[in-house]
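Read the structure below first, then the notes.
Nothing in this text is a laboratory measurement; each read-out follows from the coordinates by a stated rule. Since this is a predicted model, take the numbers as computed values, not measurements. Reconstructed Cβ throughout: ideal geometry from the backbone, glycine too, with neighbour counts over all protein chains shown.
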Amino acid sequence: MRNATHELVGVTCALGAGRVLGLEAVETAALGATALLGSWLPDADRRGTRVHRRSRLERRSLLAGALGRVARLPLVAFSVVARHRGITHSLFACALLGTGAVALGMALPAPAILLTGGLVVGYCAHVLADGCTPHGVQLWAPFSRRRVRLVPRRARIRTGSLSEGLLAAASGALALMLVVV
Ligand SMILES: [Zn+2]
């Protein structure tokens, strides 16, 4: 599934969570922004994906570029040893991130839980969305390598297909509705 679709699905889930939790607009915006970042993280297991690419600021500033390069070194090392859609796309990784996010969010001042929570929402939405593709995900890694598809064969979403376009459009429309209404 394309990164833009993951971003839309992650942000829409965060906006929905903000609505369910009755958050203020600024709090929901924070949740959505970090969900966007969270939606990039599972694909850290593959070079060239969004989380590995330089931001505009990094391309324009020598210092920001150097800092970004250093900050990404652990991700680069991870992508060398990790299997794509392996452990990063598992319930284990979601639970690990969730536990870390709650612990960090509770240790820091109050708004932090929104930021860490958004990361978790974006991350989990990405894993669930990839679980709806023909390739599936190793949902039970590291305990099993079996690939899990979350929807029946006919409903699986191929990358770049019309159904992915429809999912992205529906997510975008829902996100807009959650912001406007
Ligand atoms: Zn993925």
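Using the number of other C-beta atoms within 10 angstrom as an exposure proxy, rank His52, His6 with the fewest first.
Numbers: His52 15, His6 28.
Going from least to most buried by this count: His52, His6.
The loop-placed trypsin sites (Lys or Arg not before Pro) in the stretch 82-181, going by DSSP, that have at most 14 neighbouring Cβ atoms within 10 Å of their Cβ come out as Arg83, Arg145, Arg146, Arg158. Label zone (Arg46, point 7 Å along Cα-to-C-beta; backbone nitrogen cut-off 12 Å) within the stretch 80-104: 83-86, 89. Between the residues Val137, Met106, Val20, the greatest Cα displacement towards the positive end of the dipole of the chain, with unit charges on the Cβ of Lys, Arg, Asp and Glu, is found for Val137.
Would you please name the GluC sites (Glu not before Pro) within the stretch 1-106 that are DSSP coil residues with at most 11 other C-beta atoms within 10 Å of their C-beta? Here the GluC sites (Glu not before Pro) that fit, given the DSSP loop and packing criteria, are Glu24.
Rounded to the nearest 0.05, what FRET efficiency do Leu96 and Leu57 give with R0 = 35 Å and r taken as the Cβ-Cβ distance? Could you check?
Values: r = 29 Å, r/R0 = 0.84.
The calculated FRET efficiency here is 0.75.
If the label point is 7 Å along Cα→Cβ of Ile87, which residues in the stretch 23-58 have backbone nitrogen under 15 Å from it? Counting only backbone N, you get 42-46.
For the options Ala17, Ala110, Ala82, a Gaussian network treatment of the chain with springs between C-alpha atoms closer than 10 Å singles out Ala110 as fluctuating the most. As a calculated quantity, the FRET efficiency between Val70 and Arg153 at R0 = 35 Å, using C-beta atoms, amounts to about 0.20.
Going by how many other beta carbons lie within 10 Å of each one, how would you line up Leu37, Leu57, fewest first?
Values: Leu37 17, Leu57 12.
By the 10 Å Cβ count, ascending, the order reads Leu57, Leu37.
Applying 1/(1 + (r/R0)^6) with R0 = 45 Å to the Cβ-Cβ distance of Val80 and Val180, what FRET efficiency is obtained, to the nearest 0.05?
Approximately 0.55, to the nearest 0.05.
Taking amide H as placed 1.01 Å from N in the peptide plane, the amide H of Val148 sits under 5 Å from that of Val137, Gln138, Leu139, each at least 5 places away or on another chain.
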